[in-house]
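Structure first, commentary second.
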Amino acid sequence: MTQDKLRGNEYRSTTVCIDSYKSSVPVGRIYNPALSGGVDFYGTMQFILRMDALLDGMNFPQPFMETRSFNRREKRLPVFSTNAEIRHGSLATFIIRIFFRRNASWQGSVIWLESGREESFRSALELMVLADSALNEALESAQRVKKNTGKQNSSTAY
């Protein structure tokens with residue numbers, strides 16, 4: 001099997017683990033078979049830049065146009081090593097598949113693992129809107145569970 005075929009399949013899926021989401025700021029980790037470990041991110045901008053650096057490093061999918069910048073710095077990912085086989089976020093876990101990088105953005109699909117729902121996106125912004133809606137739903141669900149657990153504990157106390 002050639003390297004291109006491998007990248008066309010296994011390397012296309014990236015796992016994104018979200019551990020917290022406060023004031024619309026996601027904090028989490030990015031995992032991909034091209035990485036020896038995971039990559040931390042804090043905030044939407046850092047997520048987008050680190051994902052883009054990953055895609056550039058794999059050269060897959062190839063960008064339709066070159067990204068413009070005020071300065072030409074080499075994109076490097078700070079990789080940490082992990083032994084965890086199961087990679088889940090404390091709040092939510094997404095599998096992101098980017099099929100194209102056209103019009104200086106991403107097109108692909110995202111699966112929210114906890115709900116089993118899958119949606120397509122036409123831009124990085126649309127991906128962020130989908131993630132925001134899922135994360136807000138996950139936060140509301142966690143708050144309901146916490147509230148219900150608190151009621152059960154107080155009703156069973158003597």
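Here are a few things to note about the model shown:
- Potential lengthening between R117 and N71 on full extension [0.36 nm per residue; Cα-Cα distance subtracted]: 12.7 nm
- Here's how it looks for F121: its modeled amide H is under 5 Å from those of G108, S109, V110, which are all 5 or more places away or on a different chain.
- At R0 = 25 Å, FRET efficiency that the Cβ-Cβ distance of F100 and Q46 yields, to 0.05: 0.65
- Taken one residue at a time, the phi angles of segment 39-56 give Karplus couplings (6.51, -1.76, 1.60, θ = phi - 60°) of 10, 6, 9, 10, x, 5, 5, 5, 4, 4, 5, 6, 5, 5, 5, 4, 4, 5 Hz. Gly and Pro are set to x.
- Here the simple spin-label model places points 7 Å from the Cα toward Cβ, and for R144 and H88 these points are separated by 1.9 nm.
- On the beta carbon distance between S133 and Q62, with R0 = 41 Å, the FRET formula returns roughly 0.85.
No lab work stands behind these numbers, since they all come straight from the coordinates. The shown structure was predicted, so the numbers you read here are calculated from the model rather than taken from an experiment. Heads up, the Cβs are rebuilt from the backbone with ideal geometry, glycines too, and the neighbour counts pull from every protein chain shown.
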